[in-house]
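Accompanying notes for the structure given below.
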Amino acid sequence: MTSFADLAACETDDPVLIAVRDRAITLLLATSVVQELDELRIAVVDFDRATPAVREDYFTPNCMALVQEHGIVVNASFLRSAEIAIRAMGLSGSVFATPFLRQESEMFGLVRHLRDRPQEYGLALRTLASAESERRRRDELALALVFFLGHEIGHLRQGEERRGFTTELPEGTALETQLAAATAKYCRHADELRSFGFDLPGFETVFTRGGEVRVAADAVLASLPENEVINHDTWFRDESRADACGTEVLLQALQAVELWKDAAEPGAYLAVRSLFAVSVVSWFQDLFRLMQQVNEEVDPIGLSQFMLELMRDRHNYVRASSVLGSDHRFTLLRAALAMDRVLQSSPAEPVQERLNIDALQRAALVRLLMDMAVKLATMGASTAWMLEKDKTRGTPQLFMMQFESLASELSRLQRLGE
């Protein structure tokens with residue numbers, strides 16, 4: 001039997017990650033949310049150095065709250081991926097001049113680096129930083145860590161341990177059960193996305209209670225075996241509440257004026273850049289994995305082929321539900337909501353017009369990229385109804401959802417600023 005103390009032997013020895021962890025802890029200690037806790041322990045763990053017993057008891061792919069230990073475990077690999085995202089997205093001061101944002105293939109190239117050579121690529125990016133930009137990047141990473149830790153603190157406050165949104169279904173689970181689980185996630189996300197203003201004109205019937213689309217979805221949801229899938233609404237509520245706590249902790253950390261007086265740039269601006277980087281890269285990582293699943297012969301397929309694969313087999317929407325989050329709600333949504341709060345809570349200063357514009361552009365691009373998530377959630381929530389119609393008709397009706405390319409979204413963002 002292992003304990004939280006056993007994590008000390010395998011905590012990261014990376015000096016940059018240690019410095020970022022310490023900066024994040026300093027920021028956390030300035031918040032009333034953390035000050036109200038009886039105790040808080042944080043371990044950034046290199047699980048490659050952990051014993052099998054420690055891995056079995058404490059492994060998490062990202063962050064995990066442990067109520068009994070009053071602690072939070074952070075996977076060092078997760079933090080390193082966030083660092084790479086922030087450094088890669090920080091290679092240019094303008095969102096329009098950032099190399100990886102020109103098209104999907106370049107973003108997927110970054111994803112491959114994260115997958116195949118994170119250590120080597122991360123070290124290479126570190127060598128490109130000047131002393132001043134290094135300080136910015138570390139502050140941005142510390143703010144990202146504060147946001148993610150704040151989420152887990154939300155779980156600690158509510159006594160929710162090792163929580164996540166998605167239930168793991170056993171291998172070989174019947175397709176009908178997989179469809180039901182995916183439909184539960186899609187419907188919940190579609191409703192929430194719409195409540196935040198992310199909707200899809202012409203598909204209002206998807207959200208109409210008692211309408212035929214929702215009736216078909218409800219019939220599928222009624223087939224969920226109670227012993228296999230937990231109450232999605234409860235888990236979604238817990239994740240939403242923890243995200244709200246994460247945002248509150250981030251805002252309080254930004255309001256600790258003394259901790260930002262020597263910063264190279266305003267904390268709010270750094271927070272927006274940070275949330276932008278980790279969310280956009282995380283989104284393309286999820287898309288990369290999904291595209292590989294729907295067509296294993298190509299690494300990965302292009303956006304046009306992806307649209308065709310979804311049209312060819314409606315059950316690909318079951319696989320596509322993975323991009324809306326596994327352990328947590330998907331990061332693009334979490335970041336969009338947090339960025340809105342940061343921008344609303346930080347009045348723009350005329351002397352910082354360039355930074356203000358850049359922050360607004362990054363927040364706007366994240367919202368534009370939400371287009372695919374909204375379309376997937378809307379179509380996913382309609383899948384049961386479409387399959388039912390196919391069965392009644394005796395033949396499938398082809399329906400292709402058009403996804404906007406990264407280049408077109410950047411072009412749209414440029415037009416908005418004109």
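Numerical summary
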item	result
Relative contact order computed over the range 1-150 (Cα-Cα under 8 Å; 6+ residues apart), in percent	26
Residues E409, E120 arranged by fewest to most Cβ contacts within 10 Å	E120, E409
Burial ranking of peptide ranges 11-20, 377-386, 139-148, 242-251 (average Cβ count within 10 Å, highest at the top)	139-148, 377-386, 242-251, 11-20
In degrees, nearest ten, helix 353-393 long axis to first principal axis of the chain (Cα)	30
Binned Cα-Cα distance frequencies in the range 236-384 - 10 Å width, integer %	10, 34, 29, 18, 8, 1
Fewest-first ranking of L66, L398, using other Cβ atoms within 10 Å as the exposure measure	L398, L66
Fraction of antiparallel bridges per DSSP, the chain only, in percent to nearest 5	50
Estimated translational D of the range 20-145 in µm²/s (Stokes, Kirkwood radius over Cα pairs; 25 °C; 0.890 mPa s)	150
Overall form of the range 319-393 per C-alpha gyration tensor (a/c, 1.5; a/b vs b/c)	prolate
The chain - percent relative contact order, Cα under 8 Å, separation 6 or more	21
Calculated FRET efficiency for the pair E204/D313, C-beta based, R₀ 25 Å, to 0.05	0.45
Computed [θ] at 222 nm, deg cm²/dmol, the chain (DSSP H ≥ 4; -39,500 (n - 2.57); rounded to nearest 500)	-20000 deg cm²/dmol
Loop-exposed trypsin sites (Lys or Arg not before Pro) per DSSP, neighbour cap 10 Cβ within 10 angstrom, longest uninterrupted part of the chain	1-208
With Cα atoms, 0 to 90° folded angle of helix 406-416 axis to the chain main axis	70
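A short reminder: the numbers here are calculations on the coordinates, not readings from a lab. Computed from a prediction, not measured in an experiment: that's the story for all the values here. So basically every Cβ, Gly included, is an ideal-geometry build from the backbone, and we count neighbours across all protein chains shown.
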